[in-house]
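Below you'll find the structure, written out as structure tokens, and then a few comments.
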């Protein structure tokens, strides 16, 4: 949606847009948290595997 289109929206539409953008933002933050946790786990596994194989 362009800036021009957003400027033409009424209060009700703006509130609705804000609501859905907020929900999307929450979902993306949750996904980001899950991906960070998965990355941390994979890095931890890689470090542990490297240490057990004797590599430095």
Discussion item. Under 9 Å between Cβ atoms, which residue pairs at least 6 apart in sequence (or on different chains) link something in the range 32-55 that is at pLDDT below 90 with a partner that is in a helix (DSSP H, G or I)?
Written reply: 55/49
Discussion item. Considering only the range 4-12, I want to know if a residue exists there that is surrounded by 10 or more Cβ atoms within 10 Å (Cβ to Cβ), part of a helix (DSSP H, G or I) and at pLDDT below 95.
Written reply: yes
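The values are calculated or read from the model by the stated rules, or taken from the named source; none is laboratory data. Every value quoted in this text rests on a predicted model; they were computed, and no experiment measured them. No Cβ is skipped: glycine too gets one built from the backbone with ideal geometry, and neighbour counts run over all protein chains shown.
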